[in-house]
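The values are calculated or read from the model by the stated rules, or taken from the named source; none is laboratory data. Note that the structure is a prediction, hence the values are computed from the model and not measured. Neighbour counts are summed over all protein chains in view; Cβ atoms, including those assigned to glycine, are modelled from backbone coordinates with ideal geometry. For the accessible areas, the whole protein counts, side chains as well, though only heavy atoms, and no ligand, DNA or RNA atoms are used. Shrake-Rupley method; radii C 1.70, N 1.55, O 1.52, S 1.80 Å.
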Amino acid sequence: SSDVCASDLLRRLDADLDAELRQVLSSLNSHDRLRAVHIVQALNREQHLQEVLLELVGDPDERVRATVVKTLAILDNEPAVRALLTAVTDFDRRVVANTVEAIEATGFSELVGLIKILARHPNNRIRANALKALLLLGSPGAEQMLTEMLTSAVELMRLSATWVLGEVSPRGSAREVDHAKRSDWLRRLAREDPSIRVRQKARDILGNEK
């Protein structure tokens, strides 16, 4: 029937597409590999190309690694978790930060201990992503760690912590965030923080929620 023929054609097209993507993902050109990862994400082909995507966690180009780790949350299985555990020790800060976001998206409770370690990381972006993940996962002690970051003497730490406040808004999925305390923090930062960047960030968050 025509329906069967159309179904067969779609399967063949899918197979051809995956074969071509697999070839480009294995290209010697890092720009081509990066472009192919973006295409995989856009077309939701992660499950079909899992093996080659997992191999790219060790890609020599940090841009490829930082992008491919975002696909691991979609895979949501044991090999992906093992790859996340590898990626979280990457020497590139962007790779680690993106890995934390992927861990948050998986919701794997066994990785919470690892995220808690990263919530003390000296890099502000990695620390902020880790704290955001802990808050959204409802981890005890996360709010205290966020308070410490909000009161840091380092401007970038306070700026990133303010970003976290915006990410765990009442409209989000956070379970353990004290929203009254969050609003108090934002108003205090908007008025009193010595950094104009922090004050403006807090004001922007408050303004977007009106």
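Some notes on this structure:
- Subset of region 39-57 that is within 22 Å of residue 28 (Cβ to Cβ) and without any contact (Cβ under 8 Å) to a residue 24 or more places away in the chain - its residue that is surrounded by the fewest Cβ atoms within 10 Å (Cβ to Cβ): 51
- Here residue 60 meets the list (1) open to solvent by 50 Å² or more (accessible area, probe 1.4 Å); (2) without any contact (Cβ under 8 Å) to a residue 12 or more places away in the chain; (3) not polar (S, T, N, Q) almost entirely, failing just condition (2).
- Residue within region 2-22 that is at pLDDT 90 or above, assigned to a helix (DSSP H, G or I) and either surrounded by 22 or more Cβ atoms within 10 Å (Cβ to Cβ) or in contact with an Asp or Glu (Cβ under 7 Å, 6 or more places away or on another chain) (or both) present: no
- Condition met for residue 112 (in contact (Cβ under 8 Å) with a residue 24 or more places away in the chain, under 10 Å from the mean Cα position of the chain (by Cα) and part of a helix (DSSP H, G or I)): no
- Note on region 66-82: residues that are open to solvent by 10 Å² or more (accessible area, probe 1.4 Å), over 22 Å from residue 31 (Cα atoms) and either in contact with a Gly (Cβ under 6 Å, 6 or more places away or on another chain) or assigned to a helix (DSSP H, G or I) (or both) total 6.
- Criterion: modelled with pLDDT under 90, small (Gly, Ala, Ser) and either touching a strand residue (DSSP E or B) at 6+ places or on another chain (Cβ under 9 Å) or open to solvent by 20 Å² or more (accessible area, probe 1.4 Å) (or both) - qualifying residue of 152, 109, 139: 109
- Remark: residue 85 falls outside the filter, which requires a residue to be more than 15 Å from the chain's Cα centre (by Cα) and of a type outside the set (Val, Ile, Thr).
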